[in-house]
Amino acid sequence: MLFAYVNGSKLDNVRHGSDNGKNSILTSNKKKTISMPLELNVNSDRYVVTGYPQNVKIAINGPSALVTTTANTQNFKISADLTALGAGKHKITLKPSGLNSDISYQIDPKTITVDIQKRKTVTVPVNVVLSQKKVADGYKLGKATASAQTATITGSVDEVSKVDRVIASVNVTNDSKKDINKRVTLQAVDQKGNTVSVVITPQTTNVVVPITSDDDSSSSSSSSS
């Protein structure tokens, strides 16, 4: 009986010790900071929003296994709700959605200030701009043409109002002897030539710059006479 009592006590102590170890493992907390994209809830057909960061940091704290899983899957969102706001500057508190309630968090930054403006779309002509008009000796440039004669620009009212023209810039070298045929990216610029932040549709256009020799021009004149 004494043998059974002593060994039973030892076994019970081992079990309790093992259970306490498991509980300490399960309840141990962990903290981790991750970077998440910021999502905006806004009527993008009507408004343009500026002034917000693309990504924010969030420090999460909670049960070790849960924090590790959350950091690896990132199956939650951090968003700014602008649906009830109109044009103007607004200070917004960022909030997560889909984050487990057992996890505490701290978002950096906690708040952001955004500028909401009405969206505007206009159609403007496309201007071909050549880097220079000088080509190889005995050759000359013809009239440059673009496949897209007009483009639509979309952005905030303020930005769209800054646009003076949309240009397709083509680099011409001083030793060019053949027609230039290339696809270039369109740019919206102001009166000083500075790029304006708007969305351009189409984004690119094909530009053809004919280059002819003086001999060809002379031959054409002789044939016509």
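What distance in nm lies between label points placed 7 Å from Cα along the C-beta direction at S147 and D45?
For the pair S147/D45, the computed spacing is 3.1 nm.
With the full set of protein chains in place, find how many percent of the accessible area of the stretch 71-185 is carbon and sulfur; take the probe as 1.4 Å.
Answer for the stretch 71-185 is 43 percent, counting heavy atoms of protein chains only.
How far, in nm, would the chain grow between A84 and Q54 when pulled straight, counting 0.36 nm per residue and subtracting the alpha carbon separation? Can you show the working numbers first?
Values: separation 30, 0.36 × 30 = 10.80 nm, distance 2.12 nm.
Full-extension gain reported as 8.7 nm.
Rank-order 151-157, 129-135 by packing density, defined as the average count of other C-beta atoms within 10 Å over each peptide's residues, highest first. List each step's numbers first, then the result.
On the way: 151-157: 18.1, 129-135: 14.0.
Per-residue Cβ counts within 10 Å, averaged per peptide and sorted highest first, yield 151-157, 129-135.
Over 28 Å between C-alpha atoms is what I'm after, so list which of K31/K89; K140/K162; K134/K162; K91/K118; K77/K162; K120/K143 land there. Each step should come with its number before you reach the end.
Working: K31/K89 34 Å; K140/K162 35 Å; K134/K162 32 Å; K91/K118 18 Å; K77/K162 35 Å; K120/K143 33 Å.
Distance filter (> 28 Å) returns K31/K89; K140/K162; K134/K162; K77/K162; K120/K143.
Tell me, what is the per residue accessible area of the stretch 95-169 in Å², probe radius 1.4 Å?
60
The values are calculated or read from the model by the stated rules, or taken from the named source; none is laboratory data. Every value quoted in this text rests on a predicted model; they were computed, and no experiment measured them. Glycine gets a Cβ as well: all are built from the backbone with ideal geometry, and neighbour counts include every protein chain shown. Heads up: the accessible areas ignore ligands, DNA and RNA and are worked out on the full protein's heavy atoms, side chains in. Shrake-Rupley method; radii C 1.70, N 1.55, O 1.52, S 1.80 Å.
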